[in-house]
Amino acid sequence: MSLSPIVCKFGGTSLADAEQIRKVASIVRANERRRFVVVSAPGKRHKNDQKVTDLLLTCWHLAMQQLDYAQPLQMIRERYNEIARDLDVEPVAGPLEEMEHELRKLAADDQSTLATRDWIASRGEYFHACLVAAFLEATFVPAGECIRFDNEGALDSISYDLLQQHMQSNGLYVIPGFYGRDMRGRIKTFPRGGSDITGAVVARAVQAEVYENWTDVSGLLMADPRVVENPRPIGEVTYRELRELSYMGATVLHEETIFPASQAGIPIYIKNTNAPLEPGTRIVATRDASQPAIVGIAGKVGFTTIYLEKALMNQQRGYGRRVLEVLEAHGISYEHIPSGIDSMSIIVSDEQLGNCEPAVLRELKRTLEPDRIETYPDLALIATVGEGMAHRVGVSGCLFEALRQAQVNVRMISQGASEINIIVGVEASDYERAVRAIYDAFVE
Ligand code: ASP
């Protein structure tokens with residue numbers, strides 16, 4: 001019986017040039033179970049560099065407007081040619097020419113062009129998978145034939161069977177990340193950063209033992225390093241904890257990555273291509289939640305509270321529903337609704353609220369006739385996350401004591417029955433001080 005395989009996805013910086021690709025090759029060759037390699041397009045080689053996907057999208061925007069795209073196109077061409085030359089593999093000449101041809105048609109307003117936004121964006125992964133497959137002497141897997149989206153734009157579960165059918169033998173496979181095909185047969189991409197999702201889908205399709213996500217950091221940190229100096233790395237975190245942390249702003253992995261892997265119970269390891277021996281972060285279904293109780297602290301600024309007050313609100317059936325209907329009609333989803341007996345506060349992100357605030361308030365006044373309605377802008381939300389806080393005495397005590405000592409006023413509190421996190425709302429100007437205070441209280 002063959003051993004369960006490992007799926008490894010390498011991000012853009014891990015594949016930015018030939019030197020990085022050689023590191024990838026030695027990681028893949030170090031374990032014969034690493035048989036499925038999912039690749040991103042080449043990312044930044046240094047801080048001021050450009051990602052290939054960004055260059056591709058620039059070409060598309062310019063061509064759409066009949067503007068000159070020769071310069072970004074040349075940069076893309078040089079990037080791939082240089083990598084092919086340094087690795088001593090065939091350049092991707094044909095596919096590059098095809099893209100140029102389609103861009104020319106787009107610029108000439110020729111409706112027969114293949115060059116939709118998504119088709120152009122997907123070329124970065126496509127070209128790169130061709131090069132990496134050649135270098136690793138692996139089989140290229142056509143993602144467009146295997147990854148399918150349904151009419152709602154969600155992943156179609158047929159993708160799992162199609163992937164399996166394309167990868168039946170015992171060899172090594174390279175799969176371009178980030179794209180598939182929609183019901184009408186057109187190339188469609190996941191959201192930006194979506195090669196992570198392809199990796200998770202492949203991991204589920206081949207029933208991988210582990211999904212390794214190789215990037216340029218050694219895993220997740222317990223807090224944002226721009227706010228907390230040298231935060232500790234997270235060794236192990238559950239899918240649920242990670243979901244909370246990434247929703248609240250901690251990034252490393254694309255938010256949607258977790259689901260295909262977690263539904264199949266496949267652990268995700270975040271590893272560093274530049275320091276492969278470092279332990280990284282393991283994302284698992286369950287962990288011994290007693291140690292540590294808190295896995296991380298994440299947060300975001302940019303929220304507004306809409307406050308409604310009405311006498312005897314608690315006796316009115318459907319009041320809350322009607323408030324939410326007004327938001328829904330404006331396409332706004334909410335974050336939290338802490339409520340009092342005769343009041344409710346709806347917390348929404350400024351991004352969701354956009355410039356709808358006056359219209360939303362007018363509509364709420366008209367349909368709900370509140371005694372008082374106000375908005376409070378500049379709210380920051382901070383989530384302190386850890387499965388270990390469930391049924392444990394003193395976690396919230398410790399948190400609020402830390403905020404008291406840091407002289408931070410708490411504007412909102414939310415903790416659900418799952419007891420996986422405590423969310424506090426504070427003034428945006430107190431945000432960083434509050435995160436540091438919570439971190440110090442639990443970690444240091
Ligand atoms: N290349 C795509 C992007 O830059 C997808 C990815 O790297 O995951 O968003």
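In whole Å, how far is the Cα centre of the range 376-444 from that of the range 118-142?
Going from one Cα centre to the other spans 45 Å.
Given the range 1-114, report the % of alpha carbon pairs whose separation exceeds 16 Å. Numbers along the way, then the final one.
Values: 4275 of 6441 pairs.
Tail fraction, whole percent: 66.
Select from Arg148, Arg372, Arg35 the residue whose mean-square fluctuation is largest in a Gaussian network model of the chain (Cα-Cα springs shorter than 10 Å).
Of the options given, Arg372 has the highest mean-square fluctuation.
Among the lysines, select those whose C-alpha is under 23 Å from the C-alpha of Lys271, and discard any that sit fewer than 8 residues away in the same chain.
Lys9, Lys23, Lys44, Lys47, Lys51
Amide H to amide H, which residues 5 or more places from Arg45 or on other chains are under 5 Å from it, using H placed in the peptide plane?
Gln50
Could you state the principal axis extents of the C-alpha atoms in the range 347-425, from the largest down, to the nearest angstrom?
Principal-axis extents of the range 347-425 (Cα, largest first): 45, 28, 26 Å.
Once you place label points 7 Å from the Cα toward the Cβ at Ala417 and Ser429, how far apart are they in nm?
The two pseudo-label positions are separated by 4.0 nm.
From the backbone phi of the range 110-124, what are the Karplus-calculated ³J(HN,Hα) couplings (6.51 cos²θ - 1.76 cosθ + 1.60, θ = phi - 60°) in whole Hz, Gly and Pro given as x?
Running phi through 6.51 cos²θ - 1.76 cosθ + 1.60 with θ = phi - 60° gives 7, 5, 7, 5, 7, 6, 6, 4, 5, 4, 4, 4, 6, 4, x Hz.
What lysines could a cross-link reach from Lys105, if we take a straight Cα to Cα line under 21 Å and drop same-chain neighbours fewer than 8 places away?
Straight-line reach from Lys105, under 21 Å: Lys188.
Kindly rank 436-443, 84-91 from highest to lowest mean number of other beta carbons found within 10 Å of each residue. It would help to have the intermediate numbers written out before the result.
Details: 436-443: 19.9, 84-91: 15.1.
Most protected by this proxy first, the peptides run 436-443, 84-91.
When the Karplus curve 6.51 cos²θ - 1.76 cosθ + 1.60 is applied with θ = phi - 60°, which whole-Hz ³J(HN,Hα) does each residue of the range 228-237 get, with x for Gly and Pro?
10, 6, 6, x, 6, x, 9, x, 9, 8
With no solvent and one equal point scatterer per Cα, compute the Debye intensity ratio I(q)/I(0) for the chain at 0.06, 0.08, 0.09 Å⁻¹ and report its log10, rounded to two decimals.
-0.32, -0.56, -0.69
Quick one: Debye curve from the C-alpha atoms of the range 117-173, no solvent, what's log10 I(q)/I(0) at q = 0.29 Å⁻¹?
-1.15
Antiparallel as a % of all DSSP beta bridges within the chain, to the nearest 5? The partial results should precede the final answer.
Numbers: 40 of 65 bridges.
The answer is about 60 percent antiparallel.
Among rounded, prolate and oblate, which fits the range 215-302 when a ≥ b ≥ c are the square roots of the eigenvalues of its C-alpha gyration tensor, a/c under 1.5 means rounded, and a/b larger than b/c means prolate? Could the numbers behind the result be given before it?
Values: a/c = 1.33, a/b = 1.12, b/c = 1.18.
It comes out rounded by the Cα gyration axes.
What percent antiparallel are the DSSP beta bridges of the range 139-261, to the nearest 5? Walk me through the numbers on the way to the answer.
On the way: 5 of 8 bridges.
Beta bridges within the range 139-261, antiparallel portion: roughly 60 percent.
How many angstrom lie between the C-alpha centres of the range 311-374 and the range 236-259?
If we compute the Cα centre of each part, the gap is 29 Å.
Among Ser159, Ser195, Ser169, which one shows the highest mean-square fluctuation when the chain is modelled as a Gaussian network with alpha-carbon springs under 10 Å?
Ser169
Give me the net charge of Ala434's neighbourhood, meaning all other residues with Cβ under 12 Å from the Cβ of Ala434; Lys, Arg count +1, Asp, Glu -1.
0
Gaussian network model of the chain, Cα springs within a sub-10 Å range: biggest mean-square fluctuation belongs to which of Ala311, Ala402, Ala264?
Comparing Ala311, Ala402, Ala264 in a Gaussian network model of the chain, the most mobile one is Ala311.
Tell me the Kirkwood radius of the range 260-324: reciprocal of the mean inverse pair distance over distinct alpha-carbon atoms, in Å. Display every interim value, and only then the final one.
On the way: mean 1/r = 0.0574 Å⁻¹.
For the range 260-324, the Kirkwood estimate is 17.4 Å.
If amide hydrogens are placed 1.01 Å from N in the peptide plane, which non-local residues have theirs closer than 5 Å to the one on Tyr269?
Answer set, sorted by chain and number: Tyr211, Glu212, Asn213, Ile283.
FYI, it's all coordinate maths here, none of it is from the lab. Every value quoted in this text rests on a predicted model; they were computed, and no experiment measured them. In this analysis, Cβ positions are derived from the backbone assuming ideal geometry, glycine residues included, and neighbour counts consider all displayed protein chains.
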